[in-house]
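Here's the structure we're looking at; comments come further down.
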Amino acid sequence: MELLIELWQVLFVVLLLILAFFTGGFAERRHYKSIIRREDELGDIAVVCAKTLPPMHPAPRTTLVRGNAVISIDYFKRFLARLRMIFGGRIHSYESLMDRARREAILRMQYEAHVIGASMIFNMRFETSSISKGGKNAVGTVEVLAFGTAVIPRE
Amino acid sequence: MITSTLETVPGRTIREHLGIVQGSTVRTKHFGRDLMAGLKNIVGGELKGYTELLGEARDEAFDRMLEQAKAKGANAIINIRYGTSSVAQGASEILVYGSAVIVE
């Protein structure tokens, strides 16, 4: 009886891993596709980290814009990452998670700037925080905030 | 009210500095959202509930900062920065601060 319960627990984890492998991979590919498409659409709004504006006449209007995204990794990649933590080295799946979150945050900020008719975003900054779930799998959900100053040219 | 992450307001000169203004709020996650988040932790993807929650929290912190600036008689806030810190398990603090100034 105890053996059966243990076997069931192992089977449950394996099933979860298989489910996560497919859903996680699908979610990531779909997200990248959408990111690439929107980066093309919003590409004309330049995002710059410089602090000083080039001289513009008449002086433009400026306002704060921001965008954020909370993205979670799937169970399969979290499992791989935990294995990787035994040997050390690069964790590719977490790199792509951070990349997706940052690009998504920038896109949302660019979209907000686009809506108000801005042509550029100056002095852009990132803020990254991990949303803790507690327990063993504490890492795996990240929040990225991108904010900057939208520059709206005057007629 | 002009808000900016830059140190100047283009085309205007800063007449007076009124000091730092800030707004903050501490939020915790909501049970229903947490349930969805648990599921998303398995399948992967964006946690829209959390994205919205943090967005609303930032709006509120921002409004508080604006109120402070208005009370000081400022017409612009420059050099704005955001900060996030977790104060307790499952709760985070959202902070926004900047310099209140009068521009002409």
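Per-structure values
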quantity: Residue identified as hydrophobic (A, V, I, L, M, F, W, C) and part of a helix (DSSP H, G or I) among A:64, A:83, A:53; calculated: A:83
quantity: Residue in the stretch A:101-155 that is farthest from the other protein chains (Cβ to nearest Cβ), counting only those that are modelled with pLDDT of 85 or more and part of a loop (DSSP other than H, G, I, E, B); calculated: A:117
quantity: The one condition in (1) more than 10 Å from chain B (Cβ to nearest Cβ); (2) surrounded by 15 or more Cβ atoms within 10 Å (Cβ to Cβ) that residue A:92 fails to fulfil; calculated: (2)
quantity: Condition check for residue A:51: out of contact with any Lys or Arg (no Cβ under 9 Å at 6 or more places or on another chain), charged (D, E, K, R) and farther than 21 Å from residue A:24 by Cβ; calculated: yes
quantity: Filter result for residue B:73 (more than 13 Å from the chain's Cα centre (by Cα), on the phi > 0 side of the Ramachandran plot and either more than 8 Å from chain A (Cβ to nearest Cβ) or at pLDDT 95 or above (or both)); calculated: yes
quantity: Hey, residue A:62 over 22 Å from residue A:111 (Cα atoms), out of contact with any helix residue (DSSP H, G or I) (no Cβ under 8 Å at 6 or more places or on another chain) and hydroxyl-bearing (Ser, Thr, Tyr) or not; calculated: no
quantity: From the options A:38, A:66, A:61, residue that is within 15 Å of the chain's Cα centre (by Cα) and facing another protein chain (nearest Cβ under 10 Å); calculated: A:66
quantity: Residues satisfying the stated conditions in the stretch B:1-53, i.e. of a type in the set (A, V, I, L, M) and farther than 30 Å from residue A:23 by Cα; calculated: B:1, B:2, B:6, B:9, B:14, B:18, B:20, B:21, B:26
quantity: Residue check for residue A:104: farther than 12 Å from residue A:151 by Cβ, buried (at least 18 other Cβ atoms within 10 Å of the Cβ) and not aliphatic (A, V, I, L, M); calculated: yes
quantity: Residues (over 30 Å from residue A:130 (Cβ atoms) and not in a strand (DSSP E or B)) located in the stretch B:5-49; calculated: B:7, B:8, B:9, B:10, B:11, B:12, B:13
quantity: Condition broken by residue A:74, with the remaining ones in (1) within 8 Å of chain B (Cβ to nearest Cβ); (2) within 30 Å of residue A:14 (Cα to Cα); (3) touching a Lys or Arg at 6+ places or on another chain (Cβ under 6 Å) satisfied; calculated: (3)
quantity: Condition met for residue A:95 (closer than 26 Å to residue B:3 by Cβ and part of a helix (DSSP H, G or I)); calculated: no
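Matching residues to (1) over 29 Å from residue A:77 (Cα atoms); (2) among the aliphatic types (A, V, I, L, M); (3) surrounded by fewer than 14 Cβ atoms within 10 Å (Cβ to Cβ):
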residue	(1), (2), (3)
B:35	no, yes, yes
B:46	no, no, no
B:51	no, no, no
B:60	yes, no, no
B:71	yes, yes, yes
B:74	yes, yes, no
B:92	no, no, no
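The values are calculated or read from the model by the stated rules, or taken from the named source; none is laboratory data. Worth saying up front: this structure is predicted, and the values here are computed from it rather than measured. Glycine gets a Cβ as well: all are built from the backbone with ideal geometry, and neighbour counts include every protein chain shown.
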